[in-house]
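Before any comments, here is the structure.
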Amino acid sequence: MTQNIVKVAVPGPFLSPMDYDLPADLSPQTLQPGMRVRVPFRAKSQLGLVMALADHSDVPEHKRKAVEAVLDEQPLLSSTDQQFWQWLSHYYHQPIGEVVATALPKRLRQGEPATPAGTTAWRLTQAGLAAEADISPRAHQQTALWQQLKKTESDPMTAQALNQVLTNWRPALKRFEKQGWVETVQVSCLAGQRPATKPHQTNPILNPEQQAAVDQVDRVAQSGEFGAFLLEGVTGSGKTEAYLGMIERVIERGRQALVLVPEIGLTPQTVARFEAYLGQPVAVMHSGLNDSERHCAWSAVRQGDVAVLLGTRSALFTPFQNLGLCILDEEHDLSFKQQDGVRYSARDALVRRAHLEQVPVVLGSATPSLESLRNADLGRYQSLHLTQRAAGASMPTLKLLDVRGAAETAGVSDALMTAMEAHLNAGHQVLLFLNRRGFAPVMMCHDCGWQAQCADCDANMTWHAASRLLKCHHCNAQSPPPSACPNCGSVHFAKIGQGTEQLEAAMRERFPDKSLLRIDRDTTRLKGQMQKLTDQARAGDADILIGTQMLAKGHHFPKVTLVGMIDLDQGLFSCDYRAAERMAQLVIQVAGRAGRGEQAGEVLIQTHHPQHPLLTRLVERGYGPFAEAALREREAADLPPFSHQILIRAESVEAGAAEAFLKAVKNGLNSARMPKQPSETGAFEWPDQRLWAAGPVVAPMMRRQKRWRYQLLLQGDHRGRLHSWLAQVESQFYTHPLARKVRWSIDVDPQEMV
Ligand code: ADP
Ligand code: ZN
Ligand code: ZN
C-alpha cells in the first residue's frame, strides 16, 4: 500500500493532525515524519510539521488538498522527539499543532533553514603574526587589537567577543585587513553570541554525599536505562556541584545533558559557573533570547556542537544529538508549570522524555513537592540526600516571633528590630522578606470604608507611592488616586497593610546610616537591573536587603546572617489546598539565604498564629516532617497526589456564557461512557463515584480583565480512566457554538485554582 496521505500538525484549535495528499512528484521516501512542509490552510499557506504518513484518510478525497512544499531534507526531530511531542499533546489534551508551535523556535516556524548561518570571526594570518614590529607603539588601538588576536590565535574572534574586551577596534581591523594581516572565518552562530570561555578552574572536591549521588546517577547513565532520582539537598548543600559532577561524567563519554532551572535562576553567574566547572561553553535558552539566538542554540544542541543546554521551561523541547542526562533544579518551583497556551508541567514532561530516551533524570530541591515525595515513597523515584551544607557552613536556626499586640514599625516588630540592630552592628547583612510589592495593598476612605478596586478585576488596587499611582497587580490597569472619595466625597484616605515600598521607607528612616537595597518586580523592571542588584547584594554593598519571593530563590548572599519574614500568615488560611505546601517551601527557601558564609544564620518569622500546627511543625522539626504530615492530610481528603485532577476553565466578557459553556461540557461528560477496560475484576462500572466532575463554579477570582471566570473540576483516583473520560468528548468542546464566545482551556494536573 502506498503511503500517500500526509498527516500534518498545523497550529489551530484542532486536536489531531490534518490530512493532506502527497504531491505526485514526491515519493514517500523524500517526505518523512519530523520534516516541515507548507500546506494550504483556510485560503492561506501555512507551515506545518509532518507527524506521520498513512495509506488511508477519513477525509473524503475531494476535500483533501496537496502538500505545497517540503522545507527540510532531513527530519528536524528524531522519532523519540516526535513521540515525546505527541505524548505531550495527548497527556495534556492540547492540540498537536499548538504543541508544535510552542516547541519550535520562531525562526523555524517562519521556514528558515534548520541550521542558521554562521558568524564572521577574525584571526591573524602568517603575515599578521609577524607584524608586531610594523605597528607603531603610538597606534594604541592597533597594538591592543594585535595583542588580543595573538592571545586567541587558535580561536578566531567574533565582533561580539571583541566588543567584550576592546572599544573602537574596527578602524584598526580595517587597516589589518588592508595589510593582509587578518583573515575572516565563519564560526558557529553560538560563538558569535558568547564571550570566550574562561579557562577550566580547579573544581571543589565533592563531599561524600555529593559523590555518592554522582555515582548512583552515573551507574544508571552507563547502563543506558531510564531512572528517576529525587535529590533532596538542604539549602546550601551544593546541589549544583553534584549536578556538575554528574554532567562531567556524561559528557566525558561524548553525550549531552539537558538542565532546566527556574526562570529566575538562569543568571549569567549560573552560566559562568557551569562553563568554568566543565571547561567548555554551554548553550542557554530562556525568555530573554532573541529569535536568532534561540534558533542558534536550538541548532547547536541538535547537531551536538555543544554538550550542555541550560535552560528554562521551554528548553524542554530542544532536540538533542545524543542526550545522556536530564536534570531539573528546584523541582518544586511553580515556574516549571506553563499556565497559559499549551499548559504542561516541564518537570513531569522531562521525566517522560527521559523515559522515552532511556536516560536518567534528576529532580533536585531542598523542599520537594508533595507529588515528588509521593513518587519517591512509591519507589518510582530513587531518593538521594545531601544533608549538610557544603563548604562548612551550618544550617540557620528558625524561630517564630509572636507579634500579637506587639509594637511595630511598618510591620516590623520591636523584637525583630532589636535583632536587626544586633546583626547590623556586628557588620553583617540582614534580609527582610515581604511578599507584597508596592506601598500598601488597600486604599480606603477613612470616613465611609470605600476601597479602591480595579474596574476590570475582582481585586483591590495597590498604592504605589514612588509613582503615585494605584495599580492592579492582576491586569495592567493603573490610575492616579481619587482626589475625593467617589462614595462620600471625603478627602481622608487610609492606606492599609504593608508592601515592600513602605517597608523600605520605614527602614531608611529607622537606620539612616545603613545602606539598603530593595529587590522586587518594581525595582528590577529594566533589563540587567536584577543582575546588578543581586551582584551588589552578594558583594555585601548593602546592609539591609528587602525583597519579595524574587529574592528567595537560589541566591547566594554569604554575608546575610539574619532573615526576617514579615508577614506569612496569609498562607495559613487560604482556600487553596496547596497553600500550606507553598508557604512551607517559601519559608525554607527564604530561610536558606541565611548563614551561607562563615557566620551562622538566624531566621525570625513573625506571626499572629504562633500555635498554628503547620507552622510549629515546620519550624521545630523541618520540611521533611512537615511534608509527611501534609501528605497524610492529602490522603485523608483524597486530594492529589492521591487522586488526579483536570481543571477546565472558561471566561467570557458576556456574563453567563462561560458558565453555560462549562455546563455543556459537563453534560457531554455525563453522557459519555467509560470504555470497557478489561481488568481482573471485570469491566469498570459506570457511572461511578471514583470519577466525578464538580461544578461549574465561579473561579476564586471571579472577574479578571473584564471577563467572568468559571471552572469545572474533574477528579478521579485512576489517572488513565480520568483521561480517557475526557478524551471521549473533548472534540465536542472545539465545535460547540459557545466556544467562539468563550476563552476556555484544559489544565491537566492544575497547580493553581485561581
Ligand atoms: P544549593 O544549590 O544546594 O543551595 P549551592 O550549589 O549554591 O547550594 O552551593 C552552596 C555553596 O557551596 C556554593 O558556593 C558552592 O560553590 C559551595 N560548594 C558546593 N560543593 C562544595 C564542595 N564539595 N566543596 C566546597 N564548596 C562547595
Ligand atoms: Zn468615603
Ligand atoms: Zn485589574
Discussion item. If I ask for residues that are hydroxyl-bearing (Ser, Thr, Tyr) and in contact with a Leu (Cβ under 6 Å, 6 or more places away or on another chain), which ones from the range 598-616 would you list?
Written reply: 607
Worksheet item: Restricted to the range 473-506, and to residues that are under 23 Å from residue 701 (Cβ atoms) and among the aliphatic types (A, V, I, L, M), which residue is surrounded by the fewest Cβ atoms within 10 Å (Cβ to Cβ)?
Response: 496
Practice prompt. Would you be able to tell me the number of residues in the range 408-420 that are surrounded by 14 or more Cβ atoms within 10 Å (Cβ to Cβ) and assigned to a helix (DSSP H, G or I)?
Written response: 5
Worksheet item: Across the range 435-450, which residue is farthest from ligand 3 (Cβ to nearest atom) among those that are in contact with a strand residue (DSSP E or B) (Cβ under 7 Å, 6 or more places away or on another chain), under 29 Å from residue 510 (Cβ atoms) and of a type outside the set (Gly, Ala, Ser)?
Response: 446
Worksheet item: Is there a residue being open to solvent by 70 Å² or more (accessible area, probe 1.4 Å), part of a loop (DSSP other than H, G, I, E, B), under 25 Å from residue 409 (Cα atoms) and within 16 Å of ligand 3 (Cβ to nearest atom) anywhere in the range 541-549?
Response: no
Discussion item. Quick check on residue 489: is it in a loop (DSSP other than H, G, I, E, B) and more than 16 Å from ligand 1 (Cβ to nearest atom)?
Written reply: yes
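Consider the range 369-399. How many of its residues are within 13 Å of ligand 1 (Cβ to nearest atom) and not hydrophobic (A, V, I, L, M, F, W, C)?
Filtering the range 369-399 for residues within 13 Å of ligand 1 (Cβ to nearest atom) gives 384-396.
Subset that is not hydrophobic (A, V, I, L, M, F, W, C): 385, 387-389, 392, 394, 396.
Of the residues in the range 369-399, 7 are within 13 Å of ligand 1 (Cβ to nearest atom) and not hydrophobic (A, V, I, L, M, F, W, C).
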Practice prompt. Read through the list (1) crowded, with 17+ Cβ neighbours inside 10 Å; (2) modelled with pLDDT of 95 or more; (3) not in a strand (DSSP E or B), then give the number of the only condition that residue 395 fails.
Written response: (2)
Response to the item:
Scanning the range 201-234 for residues that are closer than 20 Å to residue 273 by Cβ, β-branched (Val, Ile, Thr) and within 28 Å of the chain's Cα centre (by Cα) gives 214, 217, 234
Practice prompt. Might you let me know whether the range 97-111 holds any residue that is touching a Ser or Thr at 6+ places or on another chain (Cβ under 6 Å), among the aliphatic types (A, V, I, L, M) and modelled with pLDDT of 95 or more?
Written response: yes
Discussion item. Just the residues that are more than 16 Å from ligand 3 (Cβ to nearest atom), closer than 30 Å to residue 574 by Cα and open to solvent by less than 20 Å² (accessible area, probe 1.4 Å), please, taken from the range 694-742.
Written reply: 711, 712, 714, 715, 716, 722, 726, 742
Discussion item. Go through the range 581-596 and report how many residues are more than 21 Å from the chain's Cα centre (by Cα) and either in a helix (DSSP H, G or I) or aliphatic (A, V, I, L, M) (or both).
Written reply: 2
Worksheet entry | Every residue from the range 324-344 that is open to solvent by less than 10 Å² (accessible area, probe 1.4 Å) and either over 13 Å from the mean Cα position of the chain (by Cα) or among the hydroxyl-bearing types (Ser, Thr, Tyr) (or both) | 324, 325, 326, 327, 342, 344
Discussion item. Just to verify a result, which residue in the range 552-569, among those that are within 16 Å of ligand 1 (Cβ to nearest atom), modelled with pLDDT of 85 or more and not in a strand (DSSP E or B), is most open to solvent (accessible area, probe 1.4 Å)?
Written reply: 559
Discussion item. Give me the residue from the range 436-472 that is assigned to a strand (DSSP E or B) and either within 14 Å of ligand 2 (Cβ to nearest atom) or among the aromatic types (Phe, Trp, Tyr) (or both) and, out of that set, surrounded by the most Cβ atoms within 10 Å (Cβ to Cβ).
Written reply: 463
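Just one of 508, 518, 538 is basic (Lys, Arg) and in a strand (DSSP E or B); which is it?
518
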Practice prompt. Could you identify the single residue in 595, 601, 656 that is on the phi > 0 side of the Ramachandran plot and open to solvent by less than 20 Å² (accessible area, probe 1.4 Å)?
Written response: 595
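The values are calculated or read from the model by the stated rules, or taken from the named source; none is laboratory data. These figures come from a predicted structure and were not determined experimentally. All Cβ positions, glycine included, derive from the backbone under ideal geometry; neighbour counts span all protein chains shown. SASA here: full protein model, heavy atoms, side chains in, ligands and nucleic acids out. Shrake-Rupley method; radii C 1.70, N 1.55, O 1.52, S 1.80 Å.
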